[in-house]
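K.L.:
Structure below; questions to follow.
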Amino acid sequence: VRILQPETRPRVLVSDTVGFIKQLPHDLVASFRSTLTEALEASLLLYVVDASDPTYEAQLEVSRGVLREIGAEEVPSRLVLNKMDRVDAAGRAALAEKHPDAIMLSAHAPADVAALRETIMAFFEAAMVEDVLVLPYARQGLIGEIYDSARVLSEDYDENGRVLKVRGLPGAIARLRRSLAAG
């Protein structure tokens, strides 16, 4: 698991959990079930396939099938067709027609990688909410948790403590509220 770079607020974690599935005999996939269950906790799954590989659809179906088996089919997902630099114009047109919502890129092209990052961030941005948190002066030890979990838009002070206008995912904001209420 790695943090999306450059780092964002809130952090976006990236984990390559299913890339190895195509190399495993299907009966061995069960051995890796605990690793694959990370996908159940994901907010977004990216199916990254080599668009230049004629067997990409079979590999994609294996990945989707395994994720269905563990109950992850409800997790939002996007198809990423990589290595588009190896696909000719006719192939690109066919892929665009077959997978109109796919993200097409070459990982060797910095602009393509930046566009993928923006697509990921837009997905999370759409789900974010703004809220105001009051951090009592006696609880300033929680400031790091707030900055790690949300984007702080503004900061002010009043008689109750530090007043923070934040933007983050609803679950993270709820967790921060519980932490603030616990003390």
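K.L.:
Taking interchain pairs and intrachain pairs at least six residues apart, which have beta carbon atoms under 7 angstrom, with the first residue in the stretch 61-78 and of a type in the set (Val, Ile, Thr) and the second modelled with pLDDT of 85 or more and assigned to a strand (DSSP E or B)?
P.N.:
75/45
K.L.:
Residue 169: in contact (Cβ under 8 Å) with a residue 40 or more places away in the chain, more than 28 Å from residue 76 (Cα to Cα) and surrounded by 15 or more Cβ atoms within 10 Å (Cβ to Cβ), yes or no?
P.N.:
No.
K.L.:
Residue pairs, Cβ under 6 Å, 6 or more apart or interchain, first in the stretch 129-145 and under 20 Å from residue 168 (Cα atoms), second exposed (fewer than 15 other Cβ atoms within 10 Å of the Cβ). List them.
P.N.:
Hits for this filter: 129/170; 134/160; 134/163.
K.L.:
What's the total number of residues in the stretch 152-166 that are buried (at least 16 other Cβ atoms within 10 Å of the Cβ) and touching a Pro at 6+ places or on another chain (Cβ under 9 Å)?
P.N.:
Residues flagged as buried (at least 16 other Cβ atoms within 10 Å of the Cβ) and touching a Pro at 6+ places or on another chain (Cβ under 9 Å) within the stretch 152-166 amount to 2.
The values are calculated or read from the model by the stated rules, or taken from the named source; none is laboratory data. All values reported here derive from a predicted model rather than from experimental measurement. Quick reminder, even Gly has a Cβ in these numbers, built from the backbone with ideal geometry, and neighbours come from all protein chains shown.
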